[in-house]
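Reviewing the structure listed below.
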Amino acid sequence: MPNNPKILITDYAWPSIEPERQVLARIGAELIVAETELLALLPTIDGILTCWKPVRENLIAAAKKCQIIARYGIGLDNIDVTAATQHGIVVTNVPDYCVDEVSDQGMALLLACARKIPRYDAAVKNGTWEQNIGPQMYRLRGKTLGIVGFGRIAKAVVPKAKAFGLQVNVYSPRTPQETILKHGAKKVAFPQLLATADFITIHAPLTKETQHMFGTPEFRAMKPTAFLINTARGGIVNTQALTAALINREIAGAGLDVLETEPPQPNEQLLTCDNVTITPHTAFISEEALLDLEVTAASCVAQVLTGQRPESIVNPEVLERPNLRAKLRCVRKTEP
């Protein structure tokens with residue numbers, strides 16, 4: 001382990017980093033919070049903790065001593081994992097982070113859309129006591145929820161949706177049908193999911209394949225009474241296409257916790273739509289989840305810098321590279 005290792009926090013979205021300080025103090029690490037240009041800080045850094053700030057190839061190349069890049073969260077779209085691997089740097093995430101919180105938020109947005117709660121709330125506060133505003137409402141029981149992706153969060157959505165009487169279809173090309181059936185859902189092709197769902201909730205990572213996965217053709221393939229829920233990544237949905245679909249009533253509405261541009265521009269047309277509910281990327285938040293996140297991410301850094309293999313390496317192929325920077329005592333997991 002380096003003497004007095006330096007750990008850079010590129011950004012964070014919570015009030016205090018005291019949990020990280022406590023974890024990393026045990027290995028004598030110095031914690032540095034980025035307040036200036038990242039490039040100037042990187043040459044002396046032994047580890048990086050990052051939330052949303054992009055960590056691309058130019059930054060990775062400048063981090064000559066860095067052994068680990070630890071993501072605060074699940075998704076890795078802000079980290080160039082390929083470049084990190086080429087430079088011999090371990091990348092970790094927190095795969096079981098905020099599963100309850102995000103699945104709850106997805107259901108909350110679904111219910112808010114289905115029951116017109118934000119619309120009624122705004123009307124009452126503006127002096128209107130009227131039930132017949134906005135689109136018609138339908139009973140949830142017996143309706144179909146389409147889930148895109150089938151990771152931990154999507155799996156957690158299924159029993160919550162079924163508790164409301166929803167039938168669940170899943171589009172997840174890489175997930176075996178048996179796995180989806182085991183969780184009480186049905187595997188379907190994407191066109192079938194679009195055509196049959198009364199609600200669609202997105203739980204897929206943002207990749208080249210999922211970028212703008214939902215655009216004009218997809219919205220036109222959905223039922224005009226259907227709602228889109230997105231608590232994953234904003235870039236999976238084409239904002240202009242969604243805005244047009246909402247304005248033209250091609251779909252009934254949307255519930256969004258994530259946007260392509262965060263925060264949105266003040267003149268963003270999507271914000272003028274009366275059939276969209278938007279929360280400011282808060283699905284991951286709870287006091288318990290944030291504490292788990294901070295401790296787990298920091299623990300991954302501490303483990304790597306003390307020669308231990310963390311559980312959540314997302315680029316295990318780096319362990320076979322001759323330029324692996326971490327001096328791990330056991331790079332291969334032994335079978336039980």
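Go through region 189-204 and report how many residues are assigned to a loop (DSSP other than H, G, I, E, B) and open to solvent by 10 Å² or more (accessible area, probe 1.4 Å). Can you show your working first?
Going residue by residue through region 189-204, those that are assigned to a loop (DSSP other than H, G, I, E, B) are 189, 197-198, 203-204.
Right, trim to open to solvent by 10 Å² or more (accessible area, probe 1.4 Å) and you get 189, 198, 203-204.
Summing the residues that are assigned to a loop (DSSP other than H, G, I, E, B) and open to solvent by 10 Å² or more (accessible area, probe 1.4 Å) in region 189-204 gives 4.
Name the pairs: first residue in region 73-94 and farther than 17 Å from L206 by Cα, second residue basic (K, R) and open to solvent by 20 Å² or more (accessible area, probe 1.4 Å), Cβ to Cβ under 7 Å, at least 6 apart or on different chains? Close Cβ pairs (under 7 Å, with a partner that is basic (K, R) and open to solvent by 20 Å² or more (accessible area, probe 1.4 Å)) amount to G88/R321; G88/R325; I89/R325. When the residues of region 84-137 are filtered to those that are of a type in the set (F, W, Y) and farther than 22 Å from I278 by Cβ, the one that is farthest from the chain's Cα centre (by Cα) is W129.
Scanning region 47-67 for residues that are among the aliphatic types (A, V, I, L, M) and either surrounded by fewer than 22 Cβ atoms within 10 Å (Cβ to Cβ) or closer than 21 Å to G235 by Cβ (or both) returns V55, L59, A61, A62.
The single residue among G165, G184, G149 that is under 23 Å from the mean Cα position of the chain (by Cα) and not acidic (D, E) turns out to be G149.
Only one of the numbered conditions (1) buried (at least 21 other Cβ atoms within 10 Å of the Cβ); (2) not in a helix (DSSP H, G or I) is violated by I153, and that is (2).
If you go through region 161-179 and keep only what is surrounded by 14 or more Cβ atoms within 10 Å (Cβ to Cβ), part of a helix (DSSP H, G or I) and small (G, A, S), you end up with just A161.
To keep it simple, each residue is scored yes or no on (1) at pLDDT below 95; (2) open to solvent by 40 Å² or more (accessible area, probe 1.4 Å).
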| site | (1), (2) |
| --- | --- |
| I69 | no, no |
| T92 | no, no |
| C98 | yes, no |
| V102 | no, no |
| G106 | no, no |
| P118 | no, yes |
| P159 | no, yes |
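Hey, can you tell me all the residues within region 1-41 that are open to solvent by 20 Å² or more (accessible area, probe 1.4 Å), touching a Cys at 6+ places or on another chain (Cβ under 9 Å) and not aromatic (F, W, Y)? Hits for region 1-41 are D11, A13. One residue stands out among those in region 96-148 that are among the aromatic types (F, W, Y), out of contact with any Phe, Trp or Tyr (no Cβ under 8 Å at 6 or more places or on another chain) and part of a loop (DSSP other than H, G, I, E, B): the one that is farthest from D292 (Cα to Cα), which is W129. Residues in region 274-303 that are surrounded by 15 or more Cβ atoms within 10 Å (Cβ to Cβ) and without any contact (Cβ under 8 Å) to a residue 12 or more places away in the chain: Q303 only.
The values are calculated or read from the model by the stated rules, or taken from the named source; none is laboratory data. As the structure is a prediction and not an experimental result, all values here were calculated from the model. Methodologically, a virtual Cβ is constructed for each residue, glycine included, from the backbone with ideal geometry; neighbour enumeration extends over all protein chains shown. Just the protein is used for accessible areas: all its heavy atoms, side chains included, with ligands, DNA and RNA removed. Shrake-Rupley method; radii C 1.70, N 1.55, O 1.52, S 1.80 Å.
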